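Note sheet for the following structure.
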Amino acid sequence: EPDINPSLKSDCDALEQLLADRSVFDQPDHLHSVMLRSVETAEELLCVLASLALVYRPRLLLMTFGGHGSAPSEHQPSALLRFRGSSSGLSAARLAPLLCACRAEATFVLLDCCYSAAVFRQLVFPGLVVVPACGEGQMVSSGFTASTFVPILRGTCGTDASCQSFREYCVGHGGRVHILPLVQHLRHHLPAVCCF
């Protein structure tokens, strides 16, 4: 983990602990996880996704991206995901075909980076759900994954009526989190979400 941002490290640690928690994932033999903590280039991520597409056909593919995004420009109409070892970025046009090739029933992509609402602006495929963590200003504060997303999946996200209702829904469905209720509940925790 050379020079990994402390908030990104915290996000990775929180996700790793969540994935290892049998009270959350009670069938670890059905869970396959790959945690990439320090991806230097888009090509590294694309190679991993291509390998996964050859080996697995998951019911749910959950991908989180924590890092940086860059704004759309005249020459690049959608935002790019940025990697610290590369001057170029990764567009949804390059990412989506490999996500789709995994043939998951549902592909849930959480983009915890600035300009995330503009990454998958016009690119979709069946079963794809993209959640940008940025608000109207296209900026995110650090630690969203560890402080908000992981607690939501644990059922410890808050005490207000929306959080209570979401927990009751999950309990009523055998503790399983379903994608659409999760997305609806995430809206409650995001600042003035603009595009999902």
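The values are calculated or read from the model by the stated rules, or taken from the named source; none is laboratory data. Predicted, not measured: the structure shown is a model, and the values here were computed from it. Glycine gets a Cβ as well: all are built from the backbone with ideal geometry, and neighbour counts include every protein chain shown. Note: areas computed on protein heavy atoms with side chains; ligands, DNA, RNA excluded. Shrake-Rupley method; radii C 1.70, N 1.55, O 1.52, S 1.80 Å.
Against the test of being assigned to a helix (DSSP H, G or I) and more than 23 Å from Ala146 (Cα to Cα), the options Leu54, Leu18, Leu45, Leu123 yield a single qualifying residue, Leu54. Within the stretch 27-42, the set of residues being touching a residue at least 24 places away in the same chain (Cβ under 8 Å) and of a type outside the set (Gly, Ala, Ser) comprises His32, Arg37, Val39, Glu40, Thr41. If you check Ala101, Ala106, Ala92 for being touching a Leu at 6+ places or on another chain (Cβ under 6 Å), surrounded by fewer than 17 Cβ atoms within 10 Å (Cβ to Cβ) and at negative phi, only one passes: Ala106. Do we have Ser162 as modelled with pLDDT of 85 or more, in contact with a helix residue (DSSP H, G or I) (Cβ under 6 Å, 6 or more places away or on another chain) and open to solvent by 30 Å² or more (accessible area, probe 1.4 Å) here? Against the criterion (modelled with pLDDT of 85 or more, in contact with a helix residue (DSSP H, G or I) (Cβ under 6 Å, 6 or more places away or on another chain) and open to solvent by 30 Å² or more (accessible area, probe 1.4 Å)), Ser162 qualifies. Looking across the stretch 118-136, the residues that are closer than 13 Å to Phe65 by Cβ and open to solvent by less than 10 Å² (accessible area, probe 1.4 Å) come down to Val119, Val131, Pro132, Ala133, Cys134. Residues that are acidic (Asp, Glu) and under 16 Å from the mean Cα position of the chain (by Cα) were ranked within the stretch 1-58; the one that is least open to solvent (accessible area, probe 1.4 Å) is Asp11. Out of the residues in the stretch 59-89 meeting the condition of being within 24 Å of Asp13 (Cβ to Cβ) and aliphatic (A, V, I, L, M), tell me which one is least open to solvent (accessible area, probe 1.4 Å). Among those that are within 24 Å of Asp13 (Cβ to Cβ) and aliphatic (A, V, I, L, M), it is Leu81. Looking for something under 28 Å from Leu18 (Cα atoms) and not basic (Lys, Arg) - is there at least one such residue anywhere in the stretch 69-78? Yes; the residues of the stretch 69-78 include at least one that is under 28 Å from Leu18 (Cα atoms) and not basic (Lys, Arg). Scanning the stretch 126-137 turns up at least one residue that is outside any strand (DSSP E or B), modelled with pLDDT of 85 or more and either of a type outside the set (Val, Ile, Thr) or under 25 Å from His185 (Cα atoms) (or both).
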